[in-house]
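S.K.: One structure follows; several queries about it will come next.
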Amino acid sequence: MKLLITGGAGFIGSHVVRLFVTKYPEYQIYNLDALTYAGNLANLSDIENAPNYTFIKGDITDAKFLEDMFAELSFDGVIHLAAESHVDRSITDPMSFVMTNVVGTVNLLNAAKNSWVSTGGFDGKRFYHVSTDEVYGSLHNPEDFFTEETAYDPQSPYSASKAASDHFVRAYGNTYKMPVVLSNCSNNYGPNHFPEKLIPLMIHNIQTNKPLPVYGKGENVRDWLFVVDHARAIDAVFHKGKLGETYNIGGFNEWKNLDLVHLLCQIMDRKLGRPEGTSAQLITYVTDRAGHDLRYAIDANKIMNELGWQPSLQFEEGLEKTVDWFLANQTWLENVTSGAYQSYYKGMYANR
Ligand SMILES: NC(=O)c1ccc[n+]([C@@H]2O[C@H](COP(=O)([O-])OP(=O)(O)OC[C@H]3O[C@@H](n4cnc5c(N)ncnc54)[C@H](O)[C@@H]3O)[C@@H](O)[C@H]2O)c1
(Lines give C-alpha, C1' and ligand atoms only; values in the text may rest on other atoms or scores of the structure.)
Protein backbone atom coordinates (compact mmCIF):
# COMPACT_ATOMS: atom_id res chain seq x y z
CA MET A 1 0.00 0.00 0.00
CA LYS A 2 1.37 3.35 -1.09
CA LEU A 3 -0.67 5.88 0.85
CA LEU A 4 -0.76 9.63 0.32
CA ILE A 5 -1.80 11.70 3.35
CA THR A 6 -2.31 15.41 2.62
CA GLY A 7 -1.96 18.07 5.33
CA GLY A 8 0.12 15.70 7.48
CA ALA A 9 2.19 18.51 9.03
CA GLY A 10 -0.92 20.10 10.54
CA PHE A 11 -2.66 19.40 13.82
CA ILE A 12 -4.85 16.38 12.99
CA GLY A 13 -2.79 15.24 10.00
CA SER A 14 0.34 14.80 12.12
CA HIS A 15 -1.52 12.45 14.48
CA VAL A 16 -2.88 10.50 11.50
CA VAL A 17 0.59 10.22 9.91
CA ARG A 18 2.12 9.04 13.22
CA LEU A 19 -0.61 6.42 13.72
CA PHE A 20 -0.27 5.01 10.18
CA VAL A 21 3.57 5.08 10.12
CA THR A 22 3.82 3.21 13.43
CA LYS A 23 0.81 0.87 13.10
CA TYR A 24 1.38 -0.15 9.47
CA PRO A 25 5.15 -0.58 8.92
CA GLU A 26 4.33 -2.49 5.69
CA TYR A 27 2.71 0.66 4.16
CA GLN A 28 4.72 3.43 2.44
CA ILE A 29 3.33 6.67 3.84
CA TYR A 30 3.80 9.92 1.88
CA ASN A 31 2.93 13.16 3.67
CA LEU A 32 2.17 15.98 1.21
CA ASP A 33 1.99 19.41 2.81
CA ALA A 34 2.54 22.99 1.62
CA LEU A 35 3.78 24.02 5.10
CA THR A 36 1.52 27.03 5.37
CA TYR A 37 1.49 28.90 8.70
CA ALA A 38 -0.43 25.87 10.10
CA GLY A 39 2.03 23.20 8.97
CA ASN A 40 4.89 22.35 11.29
CA LEU A 41 7.27 19.45 10.69
CA ALA A 42 8.30 19.59 14.36
CA ASN A 43 4.94 17.85 14.95
CA LEU A 44 6.50 14.73 13.37
CA SER A 45 10.09 14.88 14.64
CA ASP A 46 9.66 11.51 16.42
CA ILE A 47 8.90 9.61 13.17
CA GLU A 48 10.66 11.70 10.49
CA ASN A 49 13.38 9.05 9.98
CA ALA A 50 11.04 6.03 9.87
CA PRO A 51 11.86 3.86 6.82
CA ASN A 52 8.23 3.83 5.63
CA TYR A 53 7.79 7.64 5.80
CA THR A 54 8.47 10.32 3.16
CA PHE A 55 7.69 14.03 3.36
CA ILE A 56 6.83 15.92 0.15
CA LYS A 57 6.51 19.68 0.18
CA GLY A 58 3.87 20.70 -2.34
CA ASP A 59 0.68 22.64 -2.84
CA ILE A 60 -2.65 21.01 -3.76
CA THR A 61 -3.67 24.15 -5.68
CA ASP A 62 -0.96 23.19 -8.22
CA ALA A 63 -2.73 20.70 -10.54
CA LYS A 64 0.34 19.96 -12.70
CA PHE A 65 2.45 19.18 -9.64
CA LEU A 66 -0.22 16.72 -8.40
CA GLU A 67 -0.55 15.02 -11.81
CA ASP A 68 3.24 14.55 -12.00
CA MET A 69 3.46 13.26 -8.44
CA PHE A 70 0.67 10.69 -9.00
CA ALA A 71 2.27 9.59 -12.31
CA GLU A 72 5.59 9.05 -10.55
CA LEU A 73 4.42 7.45 -7.30
CA SER A 74 1.17 5.59 -8.23
CA PHE A 75 -0.57 5.84 -4.87
CA ASP A 76 -3.10 3.17 -3.90
CA GLY A 77 -4.93 5.36 -1.42
CA VAL A 78 -5.40 8.97 -0.39
CA ILE A 79 -6.39 10.41 2.98
CA HIS A 80 -7.09 14.09 2.32
CA LEU A 81 -6.76 16.46 5.28
CA ALA A 82 -4.95 19.48 3.75
CA ALA A 83 -7.13 22.54 4.21
CA GLU A 84 -7.37 26.07 5.42
CA SER A 85 -9.08 25.37 8.74
CA HIS A 86 -9.57 28.49 10.85
CA VAL A 87 -13.04 30.13 10.73
CA ASP A 88 -11.75 33.59 11.75
CA ARG A 89 -9.21 33.57 8.92
CA SER A 90 -11.97 32.54 6.46
CA ILE A 91 -13.90 35.67 7.41
CA THR A 92 -10.96 37.95 6.54
CA ASP A 93 -9.65 35.96 3.53
CA PRO A 94 -12.33 33.67 2.03
CA MET A 95 -10.57 33.23 -1.33
CA SER A 96 -7.64 31.26 0.09
CA PHE A 97 -10.27 28.85 1.50
CA VAL A 98 -11.85 28.49 -1.96
CA MET A 99 -8.43 27.86 -3.48
CA THR A 100 -7.16 25.21 -1.06
CA ASN A 101 -10.39 23.60 0.14
CA VAL A 102 -12.37 23.59 -3.11
CA VAL A 103 -9.92 23.91 -6.02
CA GLY A 104 -7.23 21.90 -4.18
CA THR A 105 -9.66 19.06 -3.45
CA VAL A 106 -10.86 18.92 -7.08
CA ASN A 107 -7.22 18.93 -8.27
CA LEU A 108 -6.51 15.98 -5.98
CA LEU A 109 -9.62 14.10 -7.16
CA ASN A 110 -8.55 14.65 -10.80
CA ALA A 111 -4.98 13.53 -10.16
CA ALA A 112 -6.12 10.35 -8.36
CA LYS A 113 -8.79 9.58 -10.98
CA ASN A 114 -6.44 10.06 -13.95
CA SER A 115 -3.67 8.02 -12.34
CA TRP A 116 -6.01 5.15 -11.39
CA VAL A 117 -7.89 5.09 -14.71
CA SER A 118 -4.62 4.98 -16.66
CA THR A 119 -3.15 2.17 -14.55
CA GLY A 120 -5.91 -0.45 -14.50
CA GLY A 121 -8.91 1.15 -12.81
CA PHE A 122 -10.30 1.70 -9.32
CA ASP A 123 -10.00 -1.84 -7.88
CA GLY A 124 -8.28 -1.78 -4.49
CA LYS A 125 -8.06 2.03 -4.54
CA ARG A 126 -9.61 4.44 -2.04
CA PHE A 127 -9.97 8.24 -1.80
CA TYR A 128 -10.88 9.34 1.75
CA HIS A 129 -11.93 12.94 2.32
CA VAL A 130 -11.76 14.25 5.91
CA SER A 131 -14.32 16.94 6.69
CA THR A 132 -16.03 18.80 9.49
CA ASP A 133 -19.41 18.91 11.25
CA GLU A 134 -19.50 22.66 10.52
CA VAL A 135 -21.00 21.89 7.08
CA TYR A 136 -24.31 21.13 8.83
CA GLY A 137 -24.70 24.67 10.19
CA SER A 138 -26.07 25.34 13.66
CA LEU A 139 -28.46 23.35 15.90
CA HIS A 140 -31.19 25.29 17.70
CA ASN A 141 -33.22 22.54 19.36
CA PRO A 142 -31.34 21.06 22.39
CA GLU A 143 -32.50 17.51 21.52
CA ASP A 144 -31.15 17.60 17.95
CA PHE A 145 -27.91 16.04 16.70
CA PHE A 146 -26.21 16.09 13.30
CA THR A 147 -26.66 12.72 11.60
CA GLU A 148 -25.26 11.67 8.22
CA GLU A 149 -28.66 12.60 6.73
CA THR A 150 -28.74 16.18 8.09
CA ALA A 151 -28.99 18.68 5.21
CA TYR A 152 -25.94 20.86 4.64
CA ASP A 153 -26.38 24.46 5.81
CA PRO A 154 -22.87 26.01 6.05
CA GLN A 155 -22.74 29.45 7.65
CA SER A 156 -19.10 30.60 7.43
CA PRO A 157 -16.76 30.86 4.43
CA TYR A 158 -14.75 27.99 6.01
CA SER A 159 -17.74 25.65 6.32
CA ALA A 160 -19.04 26.70 2.87
CA SER A 161 -15.68 25.74 1.33
CA LYS A 162 -15.61 22.40 3.17
CA ALA A 163 -19.24 21.73 2.13
CA ALA A 164 -18.31 22.42 -1.50
CA SER A 165 -15.36 20.03 -1.27
CA ASP A 166 -17.61 17.31 0.25
CA HIS A 167 -20.08 17.76 -2.63
CA PHE A 168 -17.28 17.40 -5.21
CA VAL A 169 -15.99 14.20 -3.56
CA ARG A 170 -19.51 12.68 -3.60
CA ALA A 171 -20.03 13.89 -7.19
CA TYR A 172 -16.83 12.11 -8.30
CA GLY A 173 -18.05 8.95 -6.56
CA ASN A 174 -21.40 9.24 -8.33
CA THR A 175 -20.28 10.44 -11.77
CA TYR A 176 -17.00 8.59 -12.32
CA LYS A 177 -17.65 5.75 -9.83
CA MET A 178 -14.52 6.74 -7.96
CA PRO A 179 -14.02 4.78 -4.71
CA VAL A 180 -14.66 7.59 -2.22
CA VAL A 181 -15.48 7.66 1.48
CA LEU A 182 -15.99 10.69 3.76
CA SER A 183 -16.16 11.60 7.41
CA ASN A 184 -17.38 14.70 9.22
CA CYS A 185 -15.93 15.26 12.67
CA SER A 186 -16.63 17.56 15.59
CA ASN A 187 -14.06 19.93 17.20
CA ASN A 188 -10.70 18.31 17.97
CA TYR A 189 -8.32 19.17 20.80
CA GLY A 190 -4.99 17.78 21.99
CA PRO A 191 -1.19 18.02 21.57
CA ASN A 192 0.15 20.11 18.64
CA HIS A 193 -3.03 22.17 18.36
CA PHE A 194 -2.20 25.51 16.71
CA PRO A 195 -2.43 28.21 19.40
CA GLU A 196 -4.94 30.39 17.50
CA LYS A 197 -7.66 27.84 18.35
CA LEU A 198 -9.73 28.05 21.57
CA ILE A 199 -8.17 25.45 23.89
CA PRO A 200 -4.44 26.04 23.19
CA LEU A 201 -5.01 29.82 23.10
CA MET A 202 -6.58 29.69 26.58
CA ILE A 203 -3.79 27.45 27.95
CA HIS A 204 -1.15 29.82 26.57
CA ASN A 205 -2.90 32.97 27.83
CA ILE A 206 -3.56 31.53 31.29
CA GLN A 207 0.09 30.57 31.59
CA THR A 208 1.29 34.02 30.49
CA ASN A 209 -1.39 35.93 32.45
CA LYS A 210 -3.01 37.42 29.36
CA PRO A 211 -6.76 38.09 28.95
CA LEU A 212 -8.89 35.06 28.00
CA PRO A 213 -11.05 36.32 25.11
CA VAL A 214 -14.49 34.65 25.12
CA TYR A 215 -16.77 35.41 22.16
CA GLY A 216 -20.18 36.95 23.05
CA LYS A 217 -21.45 35.50 26.34
CA GLY A 218 -19.60 32.19 25.91
CA GLU A 219 -22.90 30.42 25.17
CA ASN A 220 -21.74 28.62 22.00
CA VAL A 221 -21.72 24.84 22.38
CA ARG A 222 -19.13 22.58 20.75
CA ASP A 223 -18.70 18.79 20.84
CA TRP A 224 -15.03 18.03 21.65
CA LEU A 225 -13.01 14.97 20.65
CA PHE A 226 -9.40 14.11 21.57
CA VAL A 227 -7.32 14.29 18.38
CA VAL A 228 -5.84 10.79 18.82
CA ASP A 229 -9.40 9.41 18.91
CA HIS A 230 -10.11 11.20 15.62
CA ALA A 231 -6.98 9.62 14.13
CA ARG A 232 -8.21 6.18 15.33
CA ALA A 233 -11.60 6.88 13.71
CA ILE A 234 -9.85 7.83 10.44
CA ASP A 235 -7.98 4.51 10.58
CA ALA A 236 -11.33 2.68 11.03
CA VAL A 237 -13.05 4.56 8.17
CA PHE A 238 -10.09 4.15 5.80
CA HIS A 239 -9.86 0.39 6.38
CA LYS A 240 -13.46 -0.63 7.14
CA GLY A 241 -15.70 2.18 5.88
CA LYS A 242 -18.08 1.28 3.05
CA LEU A 243 -17.28 3.05 -0.23
CA GLY A 244 -19.67 5.88 -1.04
CA GLU A 245 -20.61 6.29 2.63
CA THR A 246 -20.17 9.14 5.10
CA TYR A 247 -19.40 8.66 8.79
CA ASN A 248 -19.99 11.31 11.47
CA ILE A 249 -17.32 11.30 14.18
CA GLY A 250 -17.81 12.84 17.62
CA GLY A 251 -17.46 12.20 21.32
CA PHE A 252 -21.03 12.90 22.59
CA ASN A 253 -19.21 15.56 24.61
CA GLU A 254 -20.88 18.96 24.46
CA TRP A 255 -19.46 21.96 26.28
CA LYS A 256 -20.47 25.62 26.40
CA ASN A 257 -17.36 27.69 25.61
CA LEU A 258 -17.58 29.52 28.94
CA ASP A 259 -17.84 26.29 30.98
CA LEU A 260 -14.89 24.85 29.08
CA VAL A 261 -12.76 27.94 29.78
CA HIS A 262 -13.67 27.70 33.49
CA LEU A 263 -12.67 24.02 33.54
CA LEU A 264 -9.32 24.89 31.90
CA CYS A 265 -8.78 27.67 34.46
CA GLN A 266 -9.34 25.17 37.31
CA ILE A 267 -6.91 22.64 35.80
CA MET A 268 -4.29 25.33 35.14
CA ASP A 269 -4.61 26.83 38.65
CA ARG A 270 -3.90 23.36 40.06
CA LYS A 271 -0.98 22.64 37.68
CA LEU A 272 0.61 26.07 38.18
CA GLY A 273 0.11 26.08 41.97
CA ARG A 274 -2.13 29.16 41.84
CA PRO A 275 -4.97 29.70 44.35
CA GLU A 276 -8.28 28.40 42.92
CA GLY A 277 -10.12 31.11 40.97
CA THR A 278 -6.98 33.08 39.99
CA SER A 279 -6.97 32.27 36.26
CA ALA A 280 -10.74 32.74 35.86
CA GLN A 281 -10.22 36.44 36.64
CA LEU A 282 -8.50 36.71 33.23
CA ILE A 283 -11.77 35.93 31.37
CA THR A 284 -12.78 38.85 29.10
CA TYR A 285 -15.88 38.94 26.89
CA VAL A 286 -15.24 40.13 23.33
CA THR A 287 -17.60 41.01 20.43
CA ASP A 288 -19.06 37.81 19.02
CA ARG A 289 -17.67 36.29 15.80
CA ALA A 290 -19.79 37.25 12.75
CA GLY A 291 -22.31 34.50 11.94
CA HIS A 292 -21.20 32.43 14.97
CA ASP A 293 -23.01 29.06 14.97
CA LEU A 294 -24.70 28.42 18.34
CA ARG A 295 -24.45 24.66 18.81
CA TYR A 296 -22.81 21.68 17.10
CA ALA A 297 -23.45 18.13 18.30
CA ILE A 298 -22.65 14.94 16.42
CA ASP A 299 -24.62 11.70 16.45
CA ALA A 300 -21.73 9.21 16.15
CA ASN A 301 -23.86 6.06 16.36
CA LYS A 302 -23.17 4.95 12.77
CA ILE A 303 -19.37 4.73 13.14
CA MET A 304 -19.75 3.20 16.62
CA ASN A 305 -22.23 0.53 15.51
CA GLU A 306 -20.92 -0.26 12.03
CA LEU A 307 -17.14 0.14 12.45
CA GLY A 308 -16.80 -0.57 16.20
CA TRP A 309 -15.03 2.73 16.92
CA GLN A 310 -15.34 4.38 20.35
CA PRO A 311 -13.57 7.39 21.88
CA SER A 312 -10.86 6.09 24.24
CA LEU A 313 -10.69 9.08 26.61
CA GLN A 314 -13.10 10.97 28.84
CA PHE A 315 -12.94 14.73 28.27
CA GLU A 316 -11.42 15.67 31.66
CA GLU A 317 -8.67 13.07 31.12
CA GLY A 318 -7.97 14.32 27.58
CA LEU A 319 -7.87 17.92 28.73
CA GLU A 320 -5.37 17.06 31.51
CA LYS A 321 -3.17 15.29 28.94
CA THR A 322 -3.42 18.31 26.62
CA VAL A 323 -2.49 20.80 29.35
CA ASP A 324 0.43 18.56 30.43
CA TRP A 325 1.63 18.38 26.81
CA PHE A 326 1.58 22.16 26.34
CA LEU A 327 3.33 22.76 29.68
CA ALA A 328 6.03 20.19 28.78
CA ASN A 329 6.52 21.49 25.22
CA GLN A 330 7.26 25.16 25.77
CA THR A 331 9.83 25.27 22.96
CA TRP A 332 7.25 24.01 20.44
CA LEU A 333 4.81 26.67 21.65
CA GLU A 334 7.38 29.47 21.61
CA ASN A 335 8.52 28.53 18.10
CA VAL A 336 4.93 28.59 16.87
CA THR A 337 3.88 31.81 18.61
CA SER A 338 7.06 33.61 17.49
CA GLY A 339 6.86 32.25 13.92
CA ALA A 340 10.39 30.80 14.25
CA TYR A 341 9.22 27.40 12.92
CA GLN A 342 8.51 28.98 9.51
CA SER A 343 11.89 30.63 8.93
CA TYR A 344 13.42 27.21 9.65
CA TYR A 345 11.85 25.81 6.45
CA LYS A 346 12.85 28.64 4.13
CA GLY A 347 15.04 27.30 1.34
CA MET A 348 15.03 23.87 2.92
CA TYR A 349 12.99 22.16 0.22
CA ALA A 350 12.38 22.66 -3.46
CA ASN A 351 8.84 21.85 -4.58
CA ARG A 352 9.42 18.16 -3.68
N1 LIG B 1 -9.47 20.97 13.81
C2 LIG B 1 -10.67 20.45 13.92
O3 LIG B 1 -11.27 20.52 14.99
C4 LIG B 1 -11.31 19.72 12.75
C5 LIG B 1 -12.51 19.03 12.97
C6 LIG B 1 -13.07 18.31 11.90
C7 LIG B 1 -12.47 18.27 10.68
N8 LIG B 1 -11.31 18.97 10.49
C9 LIG B 1 -10.68 18.87 9.15
O10 LIG B 1 -9.48 18.10 9.31
C11 LIG B 1 -8.47 18.58 8.43
C12 LIG B 1 -7.23 18.97 9.20
O13 LIG B 1 -7.57 19.98 10.15
P14 LIG B 1 -6.46 20.59 11.13
O15 LIG B 1 -7.15 21.19 12.28
O16 LIG B 1 -5.39 19.59 11.36
O17 LIG B 1 -5.90 21.77 10.20
P18 LIG B 1 -4.50 22.52 10.27
O19 LIG B 1 -4.82 23.91 9.80
O20 LIG B 1 -3.83 22.34 11.58
O21 LIG B 1 -3.60 21.77 9.18
C22 LIG B 1 -3.83 21.89 7.81
C23 LIG B 1 -2.57 21.41 7.08
O24 LIG B 1 -2.82 21.54 5.67
C25 LIG B 1 -1.67 22.14 5.06
N26 LIG B 1 -2.13 22.89 3.88
C27 LIG B 1 -2.89 24.02 3.85
N28 LIG B 1 -3.06 24.44 2.59
C29 LIG B 1 -2.41 23.54 1.80
C30 LIG B 1 -2.23 23.42 0.38
N31 LIG B 1 -2.75 24.34 -0.45
N32 LIG B 1 -1.53 22.37 -0.09
C33 LIG B 1 -0.98 21.45 0.75
N34 LIG B 1 -1.11 21.53 2.10
C35 LIG B 1 -1.82 22.55 2.61
C36 LIG B 1 -1.11 23.07 6.13
O37 LIG B 1 0.27 23.36 5.89
C38 LIG B 1 -1.32 22.25 7.39
O39 LIG B 1 -0.23 21.41 7.66
C40 LIG B 1 -9.10 19.76 7.65
O41 LIG B 1 -9.56 19.26 6.43
C42 LIG B 1 -10.26 20.19 8.54
O43 LIG B 1 -11.29 20.76 7.76
C44 LIG B 1 -10.71 19.69 11.49
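S.K.: Give the residues of region 60-73 that are farther than 13 Å from Ile5 by Cα and within 9 Å of the ligand (Cβ to nearest atom), sorted by residue number.
M.R.: Thr61, Asp62 - these are the residues of region 60-73 that are farther than 13 Å from Ile5 by Cα and within 9 Å of the ligand (Cβ to nearest atom).
S.K.: Okay, next question. Can you tell me how many residues within region 1-17 are more than 13 Å from the ligand (Cβ to nearest atom) and out of contact with any Ser or Thr (no Cβ under 9 Å at 6 or more places or on another chain)?
M.R.: First, pick out the residues of region 1-17 that are more than 13 Å from the ligand (Cβ to nearest atom): 1-3.
Now restrict to residues that are out of contact with any Ser or Thr (no Cβ under 9 Å at 6 or more places or on another chain): 1, 3.
Of the residues in that region, 2 qualify.
S.K.: Here are Pro195, Pro200: which of them is open to solvent by 10 Å² or more (accessible area, probe 1.4 Å) and at pLDDT below 95?
M.R.: Working: Pro200 fails: open to solvent by 10 Å² or more (accessible area, probe 1.4 Å).
Of the residues listed, the single one that is open to solvent by 10 Å² or more (accessible area, probe 1.4 Å) and at pLDDT below 95 is Pro195.
S.K.: Run Asp88 past the list (1) modelled with pLDDT of 95 or more; (2) out of contact with any strand residue (DSSP E or B) (no Cβ under 8 Å at 6 or more places or on another chain) and report the number of the one that doesn't hold.
M.R.: If we test Asp88 against (1) modelled with pLDDT of 95 or more; (2) out of contact with any strand residue (DSSP E or B) (no Cβ under 8 Å at 6 or more places or on another chain), just (1) comes out false.
S.K.: Here's a follow-up. Is it the case that region 164-174 has a residue that's within 16 Å of the ligand (Cβ to nearest atom) and within 24 Å of Asn40 (Cβ to Cβ)?
M.R.: Yes, there is a match, as at least one residue in region 164-174 is within 16 Å of the ligand (Cβ to nearest atom) and within 24 Å of Asn40 (Cβ to Cβ).
S.K.: Related question: Report, by residue number, each residue of region 281-295 that is of a type outside the set (Val, Ile, Thr), touching a residue at least 60 places away in the same chain (Cβ under 8 Å) and not in a loop (DSSP other than H, G, I, E, B). Let's see the steps before the verdict.
M.R.: Going residue by residue through region 281-295, those that are of a type outside the set (Val, Ile, Thr) are 281-282, 285, 288-295.
Next, from what is left, pick out any that are touching a residue at least 60 places away in the same chain (Cβ under 8 Å): 282, 285, 288-295.
Selection gives Leu282, Tyr285, Arg295.
S.K.: Between residues in region 152-181 that are touching a residue at least 12 places away in the same chain (Cβ under 8 Å) and within 20 Å of Ile298 (Cα to Cα) and residues that are assigned to a loop (DSSP other than H, G, I, E, B) and β-branched (Val, Ile, Thr), which pairs lie under 6 Å by C-beta distance while being six or more apart or on different chains?
M.R.: Cβ pairs passing all conditions: none.
S.K.: Give region 13-37 a look and list any residue that's within 16 Å of Val336 (Cβ to Cβ) and either more than 12 Å from the chain's Cα centre (by Cα) or open to solvent by 30 Å² or more (accessible area, probe 1.4 Å) (or both), or say none.
M.R.: Selection gives Asp33, Leu35, Thr36, Tyr37.
S.K.: Sort out for me the strands (runs of 3 or more DSSP E) sitting completely within region 203-262 that have 1 or more residues that are more than 19 Å from the chain's Cα centre (by Cα). Quick ask: steps written out before the conclusion?
M.R.: Values: elements: 212-215, 221-226, 246-249, 254-256.
Answer list for region 203-262: 212-215, 254-256.
S.K.: So Pro51 clears everything in (1) of a type outside the set (A, V, I, L, M, F, W, C); (2) away from the ligand (no atom under 12 Å from the Cβ); (3) part of a helix (DSSP H, G or I) except one condition, right? Which one?
M.R.: (3)
The values are calculated or read from the model by the stated rules, or taken from the named source; none is laboratory data. Keep in mind that this is a model prediction, so the values were computed, not measured. Backbone-built Cβ (ideal geometry, glycine too); neighbour counts: all protein chains shown. SASA here: full protein model, heavy atoms, side chains in, ligands and nucleic acids out. Shrake-Rupley method; radii C 1.70, N 1.55, O 1.52, S 1.80 Å.
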